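Everything below concerns the one structure shown next.
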Amino acid sequence: MWINISSYSNAKYQIHGYIDIINIPSDIEVKSVKPEKVSIVLEGRKNVLNQSELTNISIYVDGKKLKEGKNVLPVQVLLPSEKIKVASIRPENVIIYARKINQKQPEEEIR
């Protein structure tokens, strides 16, 4: 009798990355993001986490609801594989300071 035992050990990896802001309204300008970087802990099988696809992780905030002033928005992570899970995001929220962009009025004709 032959027995084949496969061992799949789970691993955790911590990455630090800058936050992208997507879907910024056209009349809003982002002045600052606090903090600019977050720490993400990922977990999954070692053979998946060791692959180069870890470089394809996107860390972002959806800015579609940005308004003038202080905004507190959750950090989101887009992973390249369903075999990788997010164990933690620190901090979970970031503070974004934004301002309205003044729309230039057309210059009146000089007479």
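We did not get these values from a lab; they are worked out from the coordinates using the rules stated. Just so it is clear, the model here is predicted, and its values are computed rather than measured. All Cβ positions, even for glycine, are placed from backbone atoms using ideal geometry, and neighbour counts span all protein chains on display.
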**OP:** Excluding E36 itself, calculate the net charge of residues whose Cβ lies under 14 Å from the Cβ of E36, where each Lys or Arg counts +1 and each Asp or Glu counts -1.
**Re:** +3
Original post:
Where does the stretch 10-100 land on Rg/Rh, using Cα atoms and the Kirkwood Rh?
Top reply: 1.05
